[in-house]
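Everything below concerns the one structure shown next.
Read-outs throughout are calculated quantities, based only on the coordinates presented, and are distinct from any laboratory measurement. It should be emphasised that the depicted structure is a prediction, and the values quoted were computed from it without experimental measurement. Neighbour counts are summed over all protein chains in view; Cβ atoms, including those assigned to glycine, are modelled from backbone coordinates with ideal geometry.
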């Protein structure tokens, strides 16, 4: 059951369309494919934990608790919340940089997050097919080795672009506290704040994009579990083991 294909399929096309073997031969020989390498899987779960911490602490930074019992000098709750937020932010940003690096040195599936083939007409047709499948308008899903085309574009818009925006605006706000001359102030605050107009505008957009990412996370969890049940290949377990397991031998 743990057969590794000898020729890696295309990252955009269904498994039946990839490789030099006939569809029948591939269906007969390929039951499991190693898709996500260990650095990709590790980044996925660390990133998920970072987003959770950032969202919870960021919410309280934007909407702090109205009061705390006792003297102000005896309470450091908001200080701990800010520390957790900044720490998770550093982890989140470092993970993004490492993940971008791995897109160049990892296998071709590692590049899907950064390079959706939007210039290909066939890819857009498959995006529409996946939309119909998720809307319960298609009777049978296609088989994909990596992300399906709709997942590719969703990950690029929400995670790649969303993460980049949050890192830039987050460090711009962080640089206000570290004061002029610090690396964050020089690299981010000095141009991001003027670009948006004022600090409060950056806060507002940073907060809004947090919800943008959280909405995607909720949809992502639902779709991953739904596809694990209804699709023709493994989904959730693949991001744990790295292996994509197919449920049938039909190449269509």
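Look at the alpha carbon pairs under 8 Å that are at least 6 residues apart: their mean separation over the length of the chain gives a relative contact order of 27 percent. Placing dummy labels 7 Å off each Cα toward the beta-carbon, the span from residue 97 to residue 212 is 2.3 nm. The long axis of helix 38-62 is offset from the longest Cα principal axis of the chain by roughly 30 degrees.
The length gained by stretching the chain between residue 183 and residue 161 to full extension, at 0.36 nm per residue less their Cα-Cα distance, is 5.6 nm.
Against the chain, whose longest principal axis comes from its Cα atoms, helix 121-134 is set at around 80 degrees. Note on residue 250 and residue 65: the extension gain reaches 60.9 nm, defined as 0.36 nm multiplied by sequence separation minus the Cα-Cα distance. Between residue 232 and residue 114, the contour length at 0.36 nm per residue exceeds the Cα-Cα span by 40.0 nm. Which of [x] 11.6; [y] 17.0; [z] 14.4 is the computed mean projected area of the Cα convex hull in nm² for the structure on display? Among [x] 11.6; [y] 17.0; [z] 14.4, the one calculated here is [y]. As a calculated quantity, the FRET efficiency between residue 45 and residue 73 at R0 = 25 Å, using C-beta atoms, amounts to about 0.05. Scoring 42-48, 88-94 by mean Cβ neighbours within 10 Å over their residues and listing the highest first yields 88-94, 42-48.
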